[in-house]
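Just below is one structure, and these are the notes that go with it.
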Amino acid sequence: MTRLAAIAGALAVTAGAVVMLFALVAPPGGWWDGYVSEAGTAGQPYAIPYRTGLVVLAAGVAFVGWALRDLRLVGGSLLVSAVLAATSGLVACSDTCPLPPYEPATAADIVHATASVIGMIVLAGAMAAVWFANPRPALTRLAAAGVVLIVPVGAALGLTMLLIGRSDFGAFVERLALVIAVCWLVGTAVVVALSPTRQRTARPTKRRRR
């Protein structure tokens with residue numbers, strides 16, 4: 001079940017990310033403008049595929065969490081992150097995804113943004129939890145790399161949203177954060193899927209010398 005969950009997680013996260021990327025790239029114009037979630041707003045040509053892709057990605061996060069259920073804090077964090085990601089996909093923001101204090105926002109905008117931001121924070125927490133749990137070396141290294149990358153990128157994104165609002169720099173940083181998250185999820189799922197049954201999360205024990 002663990003291996004199947006890891007495989008399903010890797011496939012779902014990859015498929016969801018690919019569909020979301022298609023929804024961003026396919027429409028005419030620059031796909032680096034604005035928030036990623038703008039591709040899922042009403043009136044966008046690929047809004048439904050984008051939102052569907054996000055829900056599929058959220059399911060993948062849940063599968064990865066199940067595959068890491070032996071690390072209880074990690075599994076629980078990923079489940080929470082999956083629920084928040086699905087909420088972000090189901091509750092679309094309005095045109096250009098406006099956020100206070102720079103633009104008037106609707107209740108849906110606030111729900112969408114809150115779910116998205118907290119979901120990424122919880123996901124970063126799951127990375128840190130894997131790192132501190134110190135499981136098998138490959139998982140630990142992946143988590144360490146993920147934390148080292150996502151923390152400054154996430155902080156830059158948060159400050160940009162608070163101090164500047166919608167901007168080209170914020171769009172770039174948001175996309176970078178999503179790439180880091182997807183790479184960590186898929187990489188972690190692949191490591192778990194390829195690991196021996198009894199050594200997926202536990203550190204290998206050293207043999208005692210006689």
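The values are calculated or read from the model by the stated rules, or taken from the named source; none is laboratory data. Remember, predicted model here, so these are calculated numbers, not experimental data. Every residue, glycine among them, receives a Cβ derived from its backbone with ideal geometry; neighbour counts consider all protein chains shown. These area figures cover heavy atoms from the full protein model, side chains too; ligands, DNA and RNA do not enter into them. Shrake-Rupley method; radii C 1.70, N 1.55, O 1.52, S 1.80 Å.
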What order do MET120, MET1 take when sorted by accessible area (1.4 Å probe), most exposed first? MET1, MET120
Need the C-alpha centroid separation for segment 15-84 versus segment 177-192, integer Å. 13 Å
Please give the length that would be gained between VAL151 and THR114 if that part of the chain were fully extended, namely 0.36 nm times their separation in residues minus their C-alpha to C-alpha distance (nm, one decimal). 11.5 nm
Over segment 137-196, calculate the relative contact order: mean separation of alpha carbon pairs under 8 Å at least 6 apart, over the residue count, as a percent. 45 percent
Per GNM of the chain with C-alpha springs under 10 angstrom, the most fluctuating residue out of MET161, MET20, MET127 is MET161
So if each residue of separation counts as 0.36 nm, and I subtract the Cα-Cα distance between ILE48 and PHE169, what length gain in nm does that give? 40.9 nm
How big is the Rg/Rh ratio for the chain, C-alpha atoms only, Rh by Kirkwood, two decimals? 1.02
Note to self: with every protein chain in place and a 1.4 Å probe, segment 94-167 gives an accessible area per residue in Å² of 51 Å²
Sorted by accessible area with a 1.4 angstrom probe, largest first, how do TRP131, TRP184, TRP66 fall? TRP66, TRP131, TRP184
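If packing is taken as the average count of other Cβ atoms within 10 Å, what order do 48-56, 142-150, 163-171 fall into, highest mean first?
Working: 48-56: 21.0, 142-150: 19.4, 163-171: 14.6.
Result, highest mean Cβ count within 10 Å first: 48-56, 142-150, 163-171.
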If each K or R counts +1 and each D or E counts -1, the residues other than GLY89 whose Cβ falls under 14 Å of its Cβ total 0
Quick one: with all protein chains in place, what share of the accessible area of the chain is carbon or sulfur, to the nearest percent (1.4 Å probe)? 70 percent
Unpartnered cysteines of the chain (Cβ-Cβ under 4.7 Å counts as a partner)? CYS183
Taking the Cα centre of the chain as origin, work out the dipole magnitude from +1 charges on Lys and Arg Cβ and -1 charges on Asp and Glu Cβ, in debye rounded to 20. 2080 debye
Report relative contact order for segment 98-152 in percent, whole number only (criteria: Cα-Cα under 8 Å, sequence separation at least 6). 25 percent
Would you mind counting up the charge near SER167? Only other residues with Cβ under 15 Å from its Cβ, with Lys and Arg at +1 and Asp and Glu at -1. -3
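Going by average Cβ neighbours within 10 Å, how do the peptides 85-92, 32-39 rank, with the highest at the top?
Ranking the peptides 85-92, 32-39 by packing returns 85-92, 32-39.
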Using Cα-Cα distances under 8 Å and only pairs 6 or more residues apart, what relative contact order does the chain have, in percent? 25 percent
With unit charges on the beta carbons (Lys and Arg positive, Asp and Glu negative) and the dipole taken about the Cα centre of the chain, which residue among ALA6, GLY89, THR114 sits farthest to the positive side? ALA6
Extension gain from VAL25 to VAL190, taking 0.36 nm per residue of separation minus the Cα-Cα distance: 56.7 nm
How much of CYS183 can a 1.4 Å solvent probe reach, expressed as accessible area in Å² and rounded to 10? 80 Å²
